[in-house]
Amino acid sequence: MAPRLSFFTGKGGVGKSTLSSLYALAQAKRGGQVLLISMDPAHNLGDIFQRELGEEEVRCADGLLVCEPDIREWSKRYIHDIEEQVRASYRYLTALNLDGYFSVLRHSPGLEEYAMTLIFRTLLERHSGLDALVFDMPPTALTLRFLASPSISRIWLEQLIALRRAMLERKEMITTVTLGRRVIETDRIVRRLEVERETAHSAEALFRDKRTTFFVVRNPDTLSAKEAKRIQGEMAALDLSPVHLLLNKMEADAAGSPAAAEAFAVFPYSPAELCGLPALEKYLTSISSNFGE
């Protein structure tokens, strides 16, 4: 069985990194083997655990690994792979000095979310034996583009496959008329597009799997509340569920407020900084034992 997936999102500064850290730590304390991943280019997990973090997973507690992949480096790897594929497929165009045209790839829209997709696939494959993967996501816009990318890619690839097949049919007709023979070998481009389509479909299915959970973090203020509502609406449009609302930095005298009533879980404001394993563990003991279910 694949690991359970949990995604923490919300407006910048609401405490996504802290709550995802607490959640991952709670899962590990319940006996799970957990990987916590920062998908935010502005990483905070190293500060929270007071450890030097990077691409390689670091054990920050019993049962808890943490890493901070560099999205910019993954973008560069993706561009390099595309350049190599183009060179291999179009060797006959080397005289045109293709290197001069590759610079446009570095400014392509969608690079960040595709780099996040590569990170997601790689870590899921590498850690398929773990119990849970917890993702500390970037602010709203990039997170939603990432979550929508499998569906968008699948639809786009289906259209490309249909277009390529239509082109091949025309090519076969012309070849038959002019040369008296048919093109019978399987088209490599169609095969590649079909593989990419299946990959996108698999990611889409994972995001929609009922074992995958989405947590939207908000604070008691109006701005983060409105953004949380927008995120919930966008996720509903993507057919993603369950989506749980977490109310963070709640003052003690507001525990009975409407905002607290509609939240899946409420996290009281901590006067002490939640940095370092002892501080995280102390805070965990002070909140509901249901956190981490």
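The values are calculated or read from the model by the stated rules, or taken from the named source; none is laboratory data. What you see is a predicted model, and the numbers here were worked out from it, not measured in a lab. For neighbour counting, all protein chains shown are included, and Cβ atoms are generated from backbone atoms with ideal geometry for every residue, glycine included. Areas reflect the complete protein model, heavy atoms only, side chains present, ligands, DNA and RNA absent. Shrake-Rupley method; radii C 1.70, N 1.55, O 1.52, S 1.80 Å.
Summary table
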{"item": "Interchain or long-range residues, amide H under 5 Å from T213's placed H", "result": "L5, S6, F7"}
{"item": "Amide hydrogen neighbours beyond the local backbone of F267, cut-off 5 Å, H modeled", "result": "L247, N248, K249, M250"}
{"item": "Exposure of S6 as accessible area (Å², to 10), given a probe of 1.4 Å and all protein chains", "result": "10 Å²"}
{"item": "Using a Förster distance of 25 Å, the FRET efficiency for S202-A279 (Cβ separation, nearest 0.05)", "result": "0.05"}
{"item": "Karplus (6.51, -1.76, 1.60) ³J(HN,Hα), θ = phi - 60°, over the stretch 57-67, in Hz, Gly and Pro reported as x", "result": "5, 10, 7, 9, 6, 4, x, 10, 9, 9, 8"}
{"item": "Contour minus Cα-Cα distance for R30 and L223 (0.36 nm per residue)", "result": "66.0 nm"}
{"item": "The stretch 1-93 - Kirkwood radius from inverse mean 1/r over Cα pairs (Å)", "result": "15.2 Å"}
{"item": "Whole-Hz ³J(HN,Hα) from phi, Karplus 6.51 cos²θ - 1.76 cosθ + 1.60, for the stretch 265-277, glycine and proline x", "result": "8, 10, 10, x, 4, 9, x, 8, 5, 8, 10, x, 4"}
